[in-house]
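Engineer: One structure is given below, represented as structure tokens, and several questions about it will come after.
Rule-based calculations on the coordinates, nothing more; no lab input. Just so it is clear, the structure is predicted and the values come from calculations on it, not from any experiment. Here the Cβ positions follow ideal geometry from the backbone for every residue, glycine too, while neighbour counts run over all protein chains shown.
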Amino acid sequence: MITHYTWDAQGNRIEKLAFFQPYLYIPSANATNCDAYGIDNKPLIKKTFKNEWEREKFAESFKGKVYYKLPASQQYLLEQYHQTDIQDLTKNKLKMFFLDIEVIASEFPDPKEAKFPIT
């Protein structure tokens with residue numbers, strides 16, 4: 001499930017829950033039976049998963065190259081808005097917040113891991 005914060009037709013902020021299956025593309029053995037072509041012009045087959053965990057597990061064990069392994073939230077937004085006019089996307093004001101936290105770490109931390117305590 002994806003929680004999608006957006007606006008209704010009247011410009012009111014709303015929250016929607018959307019069912020979304022993350023995916024990736026893998027090389028196809030058959031050029032006539034493919035869903036897309038990679039940036040390297042290789043024929044690809046789309047493979048969908050129940051959740052990001054299953055997709056990650058598959059990608060780690062897959063012996064070949066995987067394509068289009070973006071975060072599920074990014075895939076969802078691209079599918080929802082890739083043909084939407086920019087004027088429609090910017091007609092409602094955005095509220096943006098930034099929260100800067102500090103940690104003591106022996107390396108530059110990866111925010112997806114959160115393996116160091118906040119100071």
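Engineer: Okay, helix-only estimate at 222 nm for the chain: each DSSP H run of n ≥ 4 adds -39500 (n - 2.57), divide by all residues, round to 500 deg cm²/dmol; what do you get? Intermediate results must be reported in sequence, preceding the final value.
Structural biologist: Details: 3 runs with 24 residues, N = 119.
Taken over the chain, the calculation gives -5500 deg cm²/dmol.
Engineer: Do the alpha carbons of any pairs in K57/K95; K69/K112; K16/K46; K57/K112; K46/K112 sit beyond 24 Å of each other, and which pairs?
Structural biologist: Numbers: K57/K95 35 Å; K69/K112 16 Å; K16/K46 26 Å; K57/K112 17 Å; K46/K112 26 Å.
Beyond 24 Å: K57/K95; K16/K46; K46/K112.
Engineer: Another question, if that's okay. Compute log10 of I(q)/I(0) for region 1-59 with the Debye formula, placing one identical point scatterer on every Cα and leaving out solvent, at q = 0.15, 0.29 Å⁻¹, to two decimals.
Structural biologist: -0.63, -1.08
Engineer: Which ³J(HN,Hα) values in Hz, rounded to whole numbers, follow from the phi angles of region 59-76 under the Karplus curve 6.51 cos²θ - 1.76 cosθ + 1.60, where θ = phi - 60° and Gly and Pro get x?
Structural biologist: Along region 59-76, the couplings run 4, 5, 8, 6, 7, x, 7, 10, 10, 6, 8, 7, x, 4, 4, 5, 4, 4 Hz.
Engineer: I would also like to ask the following. Place a point 7 Å from the Cα of K93 along the Cα-to-Cβ direction; which residues of region 10-41 have their backbone N under 17 Å from it?
Structural biologist: Under 17 Å, as judged by backbone N against the label point of K93, lie 10-14 of region 10-41.
Engineer: Per the Kirkwood formula on distinct C-alpha pairs, the Rh of region 40-93 is how many angstrom?
Structural biologist: Working: mean 1/r = 0.0733 Å⁻¹.
Final number for the Kirkwood radius of region 40-93 is 13.6 Å.
Engineer: Using a basic spin-label model with each label point 7 Å from the Cα along Cα→Cβ, how many nm lie between W7 and Q83?
Structural biologist: If labels sit at W7 and Q83, their model points lie 2.3 nm apart.
Engineer: Given Cα positions, please report Rg to Rh for the chain, the hydrodynamic radius being the Kirkwood one. Can you show the working numbers first?
Structural biologist: Values: Rg = 18.8 Å, Rh = 17.8 Å.
Here Rg/Rh amounts to 1.06.
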